[in-house]
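Beneath this line is the structure, given in structure tokens, with notes to follow.
The values are calculated or read from the model by the stated rules, or taken from the named source; none is laboratory data. Please read all numbers here as calculations on a predicted model, not as lab measurements. Here the Cβ positions follow ideal geometry from the backbone for every residue, glycine too, while neighbour counts run over all protein chains shown. SASA here: full protein model, heavy atoms, side chains in, ligands and nucleic acids out. Shrake-Rupley method; radii C 1.70, N 1.55, O 1.52, S 1.80 Å.
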Amino acid sequence: MSEPVHPDLPVSPADALKLLLDGNDRFVAGERQHPNQDADRRTANATGQRPFAVLFGCSDSRLAAEIIFDRGLGDLFVIRTAGHVVGAEVLGSIEYAVAMLDVPLIAVLGHDSCGAIGATLDSIAEGTSPPGFIRDIVERVMISVVPVRELAVRDPDLAVTEHIRYTADTIIERSALIAERVEEGRCAVVGMSYRLAEGKASLVTRHGV
């Protein structure tokens, strides 16, 4: 099992969130520093890891976490699924990062023009279901989208925001381990919405920070 390294990285949820948001600000401004991407960092990470945040995001190819938040090797524990839908594998991976690596921050990252959200809204409007296992993704997204479906027809971003909130809430509700860490102030869960054109990740919900 990997031992924690890099003690210079943040240990509090607030510090971890600031580091994440500062990196995104640099990305938006075109002033990326490309930290922790050199040979020394590569060597240091070979003996262990201590990421400062779990980044659970959509699988969309435009959401490359280390680029968006201007981070490097060993900084982020990244998990991605289409529409950032939560399953046992996702929860187990997040719990590993929190329990074994003492990661102080879990960030859920959704985005505008999300294909999973769009497919779900189309499925609701047309009364149809997509083929194969895409149906499973749509059905899980639908839980959060149905309550705002009428408003989302005019403003699809509302569905994106609601699904991000739902995902963040679900992580805490389904994982007693994470809920306990949040209650103790040792970990926080936040939800962020990313704008593809601007590159900006904005907070839409937070727990514990």
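One table, with the values for the structure above:
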read-out	value
Helices (runs of 4 or more DSSP H) fully within region 91-200 counting 1 or more residues that are at pLDDT below 95	115-126, 134-145, 149-154, 156-174
Residue that is nearest to L196 (Cα to Cα) [pool: residues in region 40-57 that are open to solvent by less than 30 Å² (accessible area, probe 1.4 Å) and in contact (Cβ under 8 Å) with a residue 40 or more places away in the chain]	G57
Residue match in region 133-140 (condition: open to solvent by 10 Å² or more (accessible area, probe 1.4 Å), aliphatic (A, V, I, L, M) and under 17 Å from D60 (Cα atoms))	yes
Sole exception among (1) over 18 Å from L105 (Cβ atoms); (2) surrounded by fewer than 19 Cβ atoms within 10 Å (Cβ to Cβ) for D60, by number	(2)
Pair list, Cβ < 6 Å and 6+ apart or interchain, from region 142-163 residues that are hydrophobic (A, V, I, L, M, F, W, C) to residues that are surrounded by fewer than 14 Cβ atoms within 10 Å (Cβ to Cβ)	L158/L151
Qualifying positions in region 143-155 - over 15 Å from T205 (Cα atoms) and buried (at least 17 other Cβ atoms within 10 Å of the Cβ)	V145, A152
Hits in region 74-114 - residues which are buried (at least 18 other Cβ atoms within 10 Å of the Cβ) and over 26 Å from M142 (Cβ atoms)	G74, D75, L76, F77, A97, V98, L101, V103, P104, L105
Region 183-209 residues that are surrounded by fewer than 16 Cβ atoms within 10 Å (Cβ to Cβ), paired with ones that are hydrophobic (A, V, I, L, M, F, W, C) and in a strand (DSSP E or B) (beta carbon under 9 Å, 6 or more apart)	R195/A201; S202/M192; L203/V190; L203/M192; R206/A188; R206/V189; R206/V190
